[in-house]
């Protein structure tokens with residue numbers, strides 16, 4: 001994760017650090033957060049053999065979960081507790097065990113309560129394997145921050 | 001799984017049995033297939049503590065994966081190898097560890113190549129926790145069946 | 001439109017009557033509201049030759065607009081000003097000029113701020129031509145009602 | 001529309017010209033095609049007073065229809081008859097009569113039968129008013145071209 005350079009960046013990094021500590025499912029998936037910035041997240045994971053479906057390719061839930069985690073991290077960077085309400089995902093290319101998937105989540109637009117994100121998941125060859133879009137709801141609650149600079 | 005009563009039902013059950021054997025991710029999730037019929041599937045799982053996200057509730061990928069598995073089973077029942085191309089999901093209610101989720105997948109409409117499914121995921125109180133819709137592509141390939149009657 | 005029988009029903013009918021008066025695009029489309037109830041709307045229109053696309057079949061925006069109008073009416077029936085934030089639509093069957101389309105919008109689930117609706121559009125043979133789902137945001141504003149009992 | 005420079009460009013322009021001639025609904029909307037290239041389309045329209053909904057803002061079907069037209073043009077540029085099967089749209093910002101909307105459709109990824117497009121609709125201030133994604137099916141039929149160079 002890049003070092004905080006501004007207050008906004010420090011807040012973003014602190015929020016995501018706190019979320020990651022509790023996020024058992026992202027840990028099982030092996031998700032690494034590569035970069036965090038206000039409204040943005042890049043996350044990576046490697047597909048393991050226990051993640052295949054009945055066709056021997058990666059279960060659709062795997063690329064989805066990576067994208068959904070990247071969405072959760074990106075959309076909470078402003079410190080408001082924010083939850084996904086509606087997501088959609090297209091699957092242009094199959095994913096295989098051993099593939100390294102990188103998700104890039106970017107805020108498309110945001111109002112006070114509702115915001116829209118695009119998340120693109122690519123394999124190690126740079127081919128898009130999932131094209132995901134998330135709509136999130138920003139609650140009135142704020143993340144509790146223990147020490148944003150640490 | 002209910003016993004086969006007709007050729008279509010026998011085919012449906014045989015296809016899903018074959019898919020389940022290879023579906024390592026559905027096994028990790030603890031998915032049980034309760035009922036299979038042509039174009040339909042009911043599947044159940046219990047949410048475990050290792051399935052939570054950064055807020056301590058079930059990761060959005062969990063209900064999604066259950067719905068996607070139910071979609072895969074329901075949409076392959078006719079013996080054609082069928083894959084999801086675009087799914088969307090709404091999250092009306094949060095899911096907690098210990099919740100028992102039941103997904104019901106139903107074919108909404110089907111043409112030669114493209115078919116549409118609705119999947120509703122409810123918790124043990126009957127409350128809808130995920131409202132999922134899947135669009136699938138039916139390839140020209142057929143499932144290899146070893147012994148459809150067994 | 002069925003007669004009001006309760007306060008909720010009277011409110012629903014009054015809100016939709018007010019919306020319809022201003023809804024110039026629904027009027028151009030020729031949309032008739034057949035039934036209104038809390039969280040529900042049935043609306044109908046006939047596809048005209050000026051509604052075709054470059055293939056001579058109904059433009060995808062036509063069935064979408066009918067579904068979106070039914071969603072708007074159904075989701076405002078409780079008197080809160082409510083707007084669509086994310087919709088999705090699947091097109092199982094082509095629509096032709098002369099087809100009579102009926103949309104049924106039903107509330108799937110509702111929380112304080114966000115609610116989910118399913119809208120099914122069928123042709124006069126009862127075949128589903130569009131399977132639509134809408135996510136709406138309920139603002140804090142209320143509809144101004146001139147005379148809910150009239 | 002820019003002049004054809006290559007065979008692919010000439011094909012794209014010819015296909016869209018043929019589609020536009022028959023597309024009565026796009027004409028009613030006042031859609032102008034500003035640019036066409038293989039897998040891409042830019043289209044523009046001005047929102048008129050008869051396009052409002054019950055809140056006096058542009059009906060959701062208007063930005064949707066503009067995006068769907070841009071999708072149709074972009075996805076048919078390769079000469080195969082291609083139809084939308086599933087679209088989704090998010091509405092970050094309301095649209096008002098008098099607004100000039102520009103839709104940019106871009107191919108995200110394409111396989112033999114199924115392709116994915118992103119369409120962004122912006123107002124004259126460059127603000128995104130609709131974020132649309134389309135999944136299309138490429139049939140085996142080809143567009144009939146009378147004279148691709150004309």
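The values are calculated or read from the model by the stated rules, or taken from the named source; none is laboratory data. Everything quoted here is computed from the prediction, not taken from an experiment. Cβ atoms come from the backbone with ideal geometry, glycine included; neighbour counts cover every protein chain shown.
Take residue A:90 and decide whether it is on the phi < 0 side of the Ramachandran plot and touching a residue at least 60 places away in the same chain (Cβ under 8 Å). Steps first, answer last, please.
On the way: on the phi < 0 side of the Ramachandran plot: yes; touching a residue at least 60 places away in the same chain (Cβ under 8 Å): no.
So residue A:90 does not fit the description; no.
Within the range B:46-67, identify whether any single residue is touching a residue at least 12 places away in the same chain (Cβ under 8 Å), in contact with a strand residue (DSSP E or B) (Cβ under 9 Å, 6 or more places away or on another chain) and more than 25 Å from residue A:71 (Cα to Cα), and answer yes or no.
No, that holds for no residue.
Is it the case, given these coordinates, that residue C:31 is more than 9 Å from chain D (Cβ to nearest Cβ), in contact with a helix residue (DSSP H, G or I) (Cβ under 6 Å, 6 or more places away or on another chain) and without any contact (Cβ under 8 Å) to a residue 60 or more places away in the chain?
On the way: more than 9 Å from chain D (Cβ to nearest Cβ): yes; in contact with a helix residue (DSSP H, G or I) (Cβ under 6 Å, 6 or more places away or on another chain): yes; without any contact (Cβ under 8 Å) to a residue 60 or more places away in the chain: yes.
Criteria met by residue C:31.
Collect the residues in the range A:37-47 that are more than 10 Å from the chain's Cα centre (by Cα) and buried (at least 17 other Cβ atoms within 10 Å of the Cβ), keeping them in residue-number order. Give the steps one after another, and end with the answer.
As a first pass, look at the range A:37-47 and keep what is more than 10 Å from the chain's Cα centre (by Cα): A:37-39, A:45-47.
Listed by number, the residues that qualify are A:37, A:39, A:45, A:47.
Based on what the data block shows, is residue B:12 away from chain A (no Cβ under 11 Å) and touching a strand residue (DSSP E or B) at 6+ places or on another chain (Cβ under 7 Å)?
Working: away from chain A (no Cβ under 11 Å): yes; touching a strand residue (DSSP E or B) at 6+ places or on another chain (Cβ under 7 Å): yes.
Spelling it out, residue B:12 is indeed away from chain A (no Cβ under 11 Å) and touching a strand residue (DSSP E or B) at 6+ places or on another chain (Cβ under 7 Å).
Restricting to the range D:34-55, give me the number of residues that are more than 14 Å from chain C (Cβ to nearest Cβ) and part of a strand (DSSP E or B). Don't jump to the end; show me each part of the working.
First, pick out the residues of the range D:34-55 that are more than 14 Å from chain C (Cβ to nearest Cβ): D:34-35, D:37-40, D:42, D:44, D:46.
Then keep just the ones that are part of a strand (DSSP E or B); that gives D:34-35, D:37, D:40, D:42, D:44, D:46.
Qualifying residue count for the region: 7.
How many residues does the range D:100-119 hold that are more than 15 Å from residue A:90 (Cα to Cα) and surrounded by 22 or more Cβ atoms within 10 Å (Cβ to Cβ)?
Total satisfying the criteria: 3.
Report, by residue number, each residue of the range D:79-123 that is touching a helix residue (DSSP H, G or I) at 6+ places or on another chain (Cβ under 7 Å), under 19 Å from residue D:141 (Cβ atoms) and either modelled with pLDDT under 95 or facing chain C (nearest Cβ under 8 Å) (or both).
Of everything in the range D:79-123, just one residue is touching a helix residue (DSSP H, G or I) at 6+ places or on another chain (Cβ under 7 Å), under 19 Å from residue D:141 (Cβ atoms) and either modelled with pLDDT under 95 or facing chain C (nearest Cβ under 8 Å) (or both), namely D:84.
Might you let me know whether the range C:56-73 holds any residue that is surrounded by fewer than 23 Cβ atoms within 10 Å (Cβ to Cβ), away from chain D (no Cβ under 13 Å) and not in a helix (DSSP H, G or I)?
No - not one qualifying residue is present in the range C:56-73.
Looking at the structure I just gave you, is residue D:126 away from every other protein chain (no Cβ under 11 Å), touching a strand residue (DSSP E or B) at 6+ places or on another chain (Cβ under 8 Å) and surrounded by fewer than 24 Cβ atoms within 10 Å (Cβ to Cβ)? Reasoning before the result, please.
Values: away from every other protein chain (no Cβ under 11 Å): yes; touching a strand residue (DSSP E or B) at 6+ places or on another chain (Cβ under 8 Å): no; surrounded by fewer than 24 Cβ atoms within 10 Å (Cβ to Cβ): yes.
Spelling it out, it is not the case that residue D:126 is away from every other protein chain (no Cβ under 11 Å), touching a strand residue (DSSP E or B) at 6+ places or on another chain (Cβ under 8 Å) and surrounded by fewer than 24 Cβ atoms within 10 Å (Cβ to Cβ).
For the range A:4-33, what are the residues that are under 14 Å from the mean Cα position of the chain (by Cα) and either surrounded by fewer than 16 Cβ atoms within 10 Å (Cβ to Cβ) or part of a strand (DSSP E or B) (or both)?
Residues satisfying the conditions are A:27, A:30, A:32, A:33.
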